[in-house]
Amino acid sequence: MFRPRLRRRRGPRSGLAAAALAFALAVTGCGTAEQAHLDGGPSPTLTEFTPRIGLLLPDTHTARWETFDRPLIEAKVAQVCPGCTVDYANAEGGVAAQKQQVDSMITAGVDVLILNPVDSRALSSAVAKAVNAGIPVISYDRLADGPISGFVSFDGRQIGRLQAEALLKAMGPKADGGRIVMMNGDPADPNATALKRAALEVLNGRVRIAKSYDTDRWRPEIAHANMAGAIAALGAGSIDGVYAANDGLARGVISALKANFVEPLPPVTGQDADLGAIRRIIGGEQYMTVYKPFKPMADAAAEMAVALGRGDPPNAIAPEGGGEATLRGVPAVQFAPIPVTAQNVRDTVVRDGMYTIEQICTPKYASACAKAGLTV
């Protein structure tokens with residue numbers, strides 16, 4: 001039966017405190033977002049209020065935000081809360097733009113925010129402003145500073161270890177004493193810091209880090225320029241491997257290597273399992289990426305948002321918090337990342353329906369796909 005959508009505004013702190021207490025209780029329980037609602041029906045909640053949810057993502061040069069995260073979150077909200085609405089904005093990499101978007105969401109009267117911050121520290125005042133307006137904030141993928149009510153992500157330290165271990169494997173005998181370039185992410189992103197720290201724990205004492213760069217806003221064009229500089233300084237034939245923190249940076253690195261006629265290409269890591277990266281892996285230009293199954297992560301964020309927006313105990317919560325979020329006393333849902341090379345593309349991103357064989361194996365990659373066993 002259709003019910004008119006009611007506007008229910010909470011006091012600046014009361015609803016948030018209740019939700020935070022519910023989170024603290026739920027985090028000690030069992031079950032995960034993937035185990036919840038096996039019948040596919042709407043989540044059981046204490047009210048039928050249909051909250052208005054704000055979704056703020058950081059940029060468009062990282063393909064996953066528009067291709068996967070946004071539509072998956074919107075679809076899950078529609079499934080568990082028919083009648084709920086999602087207001088969406090993308091900051092296009094701008095801190096000022098994202099602060100303005102938070103202000104606009106507050107003015108529009110959203111009941112809860114899902115925020116992936118462009119710059120975690122710079123957005124802390126915006127987070128506090130939303131909370132003071134009675135709007136709980138869920139930090140998505142990147143851990144935002146400020147009084148957040150939940151955190152949904154993958155374990156950045158595990159990703160960094162997987163990348164570094166894969167790079168050493170790909171380097172073979174050169175893993176002991178070889179020279180690498182590190183193309184790290186944005187230092188304003190706590191994920192980038194965790195990746196770098198964990199990767200160094202694996203790499204230190206094994207390889208020589210000839211050049212290391214932090215990449216503002218994770219921009220591929222900056223990675224391209226930095227890699228070109230590394231080649232000029234070190235010599236085209238003296239780079240044995242490249243640690244690239246995500247697939248966008250890997251794209252910039254590989255374009256610089258090819259523009260400078262580096263042959264053969266050294267192994268290059270990545271993260272996010274972008275379609276372009278999967279094709280580069282099949283084609284032998286990029287060694288690996290890290291696949292982070294986006295659906296369970298998006299589902300958890302959507303369910304948290306619906307619950308917090310209603311002021312109800314959240315339904316999608318994992319039995320363990322994680323990393324910095326736990327230290328800050330904020331319950332977290334974190335999922336396990338999966339390394340992907342040419343050998344397991346079919347058993348990961350294809351099996352999970354992220355991409356089809358037809359999407360990956362364009363005519364340009366036909367022979368490489370046949371060699372990898374993706375086509376006959």
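The values are calculated or read from the model by the stated rules, or taken from the named source; none is laboratory data. If you're wondering where the values come from, they're calculated on a predicted model, not measured in any experiment. Glycine also receives a Cβ, built like all others from the backbone with ideal geometry; neighbour counts cover every protein chain displayed.
Things to note:
- Condition met for Ala336 (surrounded by fewer than 20 Cβ atoms within 10 Å (Cβ to Cβ) and at pLDDT 90 or above): yes
- Sole exception among (1) under 24 Å from Arg70 (Cα atoms); (2) among the small types (Gly, Ala, Ser); (3) over 15 Å from the mean Cα position of the chain (by Cα) for Ser120, by number: (3)
- Set Gly150, Gly156, Gly178: member being modelled with pLDDT of 95 or more and not polar (S, T, N, Q): Gly178
- The one condition in (1) outside the structural domain of Glu285 (by TED's automatic domain parsing); (2) closer than 22 Å to Asn246 by Cα that Gly146 fails to fulfil: (2)
- Selection within the stretch 333-376 - of a type in the set (Gly, Ala, Ser) and either in contact with a helix residue (DSSP H, G or I) (Cβ under 8 Å, 6 or more places away or on another chain) or under 20 Å from Asp155 (Cβ atoms) (or both): Ala336, Ala342, Ala368, Ala372, Gly373
- Checklist (1) buried (at least 18 other Cβ atoms within 10 Å of the Cβ); (2) at pLDDT below 95 applied to Asp111, failing item: (2)
- The residues of the stretch 165-204 that are in a strand (DSSP E or B) and over 24 Å from Leu123 (Cβ atoms), listed by number, are Arg179, Ile180, Val181, Met182, Met183.
- Residue match in the stretch 228-238 (condition: touching a helix residue (DSSP H, G or I) at 6+ places or on another chain (Cβ under 7 Å), among the hydroxyl-bearing types (Ser, Thr, Tyr), at pLDDT 95 or above and in the same structural domain as Leu195 (by TED's automatic domain parsing)): no
- Near pairs, Cβ below 6 angstrom, 6+ apart or cross-chain, from the stretch 139-156 (under 24 Å from Ala273 (Cβ atoms)) to any residue that is of a type in the set (Asp, Glu) and surrounded by 24 or more Cβ atoms within 10 Å (Cβ to Cβ): Arg142/Asp189; Ser153/Asp141
- The lone exception for Leu162 - which of (1) surrounded by 19 or more Cβ atoms within 10 Å (Cβ to Cβ); (2) not in a helix (DSSP H, G or I) it fails: (2)
- Among the residues of the stretch 223-246, those that are of a type in the set (A, V, I, L, M, F, W, C), surrounded by 17 or more Cβ atoms within 10 Å (Cβ to Cβ), over 20 Å from the mean Cα position of the chain (by Cα) and assigned to a helix (DSSP H, G or I) comprise Met227, Ala228, Ala230, Ile231.
- Candidate set from the stretch 281-297 (those that are at pLDDT below 95 and touching a helix residue (DSSP H, G or I) at 6+ places or on another chain (Cβ under 7 Å)); member that is nearest to Val80 (Cα to Cα): Lys295
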